[in-house]
Amino acid sequence: MATKYLDLLFTDSVRRAQTQYYGRAGQIAGAPTRDLLGQAEAEFIVDRDSFYLGSISETGWPYIQHRGGPQGFLRVLNETTLAFADYKGNRQLLTTGNVSVNDRVALFLMDYPNRARLKILGHARVDDARVHPELVAQLADPKTQQPVERLVFVDVVSFDWNCPKYITPRYSAEEVEAYVGSLKKRIAELETALHAAKI
Ligand SMILES: Cc1cc2nc3c(=O)[nH]c(=O)nc-3n(C[C@H](O)[C@H](O)[C@H](O)COP(=O)(O)O)c2cc1C
């Protein structure tokens, strides 16, 4: 359990709720000032082809957006910094506007086949893509037709892994194809053999 994560989230109201329902509030001791991303987190992050990004609107409403791209589009620049390219999209710029007022964001990364999830808290900064031409070249998906308009950087403060309970394994079409590919090949071989034997 990441102590920093709970240290950030066990606010007074949360602790009051814990006291109301369970008689006492959780104690978080010895939390570091921040959590550094390690190898396990870095490998998990670069394996993802999507994640959810939560930000807070100027009026206090939570806002969640799905972000998708080629595997590894969310890049680990170093042990405290993540970055991804933000393309010309639906022109709403909700996340960009939100983090210009409140830079606190939550990232929610799911690995359904392995029933794992990683939650990250951090501070986001959105820069005009023209400020970072070299990084844009590294982070842009060559297959995406839309231009990169912005780069989003996340200064990671903390993260937490969840237990696999209640995560139903789910597979993408590509993953299903990889699993059933050998079965299809075997069926084709057997059909050919059956045909040859004229049974
Ligand atoms: C043509 C087009 C391509 C898009 N490509 C992507 C994409 O590759 N990845 C992604 O997460 N969103 C993509 N989007 C969604 C937009 O970027 C969308 O504007 C953005 O996710 C909204 O962010 P916001 O919630 O911060 O406003 C695309 C939208 C359009 C119209």
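The values are calculated or read from the model by the stated rules, or taken from the named source; none is laboratory data. As the structure is a computational prediction, the values presented were derived from the model and not from experiment. A quick note on method: Cβ atoms are made from the backbone with ideal geometry, for glycine too, and the neighbour counts reach across all protein chains shown. Protein only, heavy atoms only, side chains kept; ligands, DNA and RNA dropped before computing areas. Shrake-Rupley method; radii C 1.70, N 1.55, O 1.52, S 1.80 Å.
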Residues of the range 153-183 satisfying the condition of being β-branched (Val, Ile, Thr), surrounded by 11 or more Cβ atoms within 10 Å (Cβ to Cβ) and touching a Phe, Trp or Tyr at 6+ places or on another chain (Cβ under 8 Å): ILE167
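If I filter the range 105-135 down to residues being more than 21 Å from ASP160 (Cα to Cα) and in a strand (DSSP E or B), which single residue comes out as most open to solvent (accessible area, probe 1.4 Å)?
ARG125
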Tally of residues being open to solvent by 30 Å² or more (accessible area, probe 1.4 Å), of a type in the set (A, V, I, L, M) and within 27 Å of the chain's Cα centre (by Cα) across the range 1-41: 9
GLN65 at pLDDT 95 or above and more than 14 Å from PHE159 (Cβ to Cβ): yes
Within the range 77-87, tally of residues that are outside any loop (DSSP other than H, G, I, E, B) and either more than 8 Å from the ligand (Cβ to nearest atom) or exposed (fewer than 15 other Cβ atoms within 10 Å of the Cβ) (or both): 7
Any pair with Cβ under 8 angstrom, 6 or more apart, that starts in the range 56-71 at a residue that is closer than 16 Å to LEU121 by Cβ and ends at one that is assigned to a loop (DSSP other than H, G, I, E, B): ILE56/ASN102; TYR63/SER57
The listed residue being within 15 Å of the ligand (Cβ to nearest atom), on the phi < 0 side of the Ramachandran plot, open to solvent by 30 Å² or more (accessible area, probe 1.4 Å) and free of Cβ contacts under 8 Å to residues at least 12 places away in the same chain, out of ASN102, ASN90: ASN90
Enumeration of residues in the range 66-76 that are part of a strand (DSSP E or B) and either surrounded by fewer than 13 Cβ atoms within 10 Å (Cβ to Cβ) or within 8 Å of the ligand (Cβ to nearest atom) (or both): HIS66, ARG67, GLY68
Residue that is least open to solvent (accessible area, probe 1.4 Å) [pool: residues in the range 137-152 that are modelled with pLDDT of 95 or more and more than 18 Å from GLN71 (Cα to Cα)]: ARG150
For TYR63: the one exception among (1) open to solvent by 40 Å² or more (accessible area, probe 1.4 Å); (2) away from the ligand (no atom under 14 Å from the Cβ): (2)
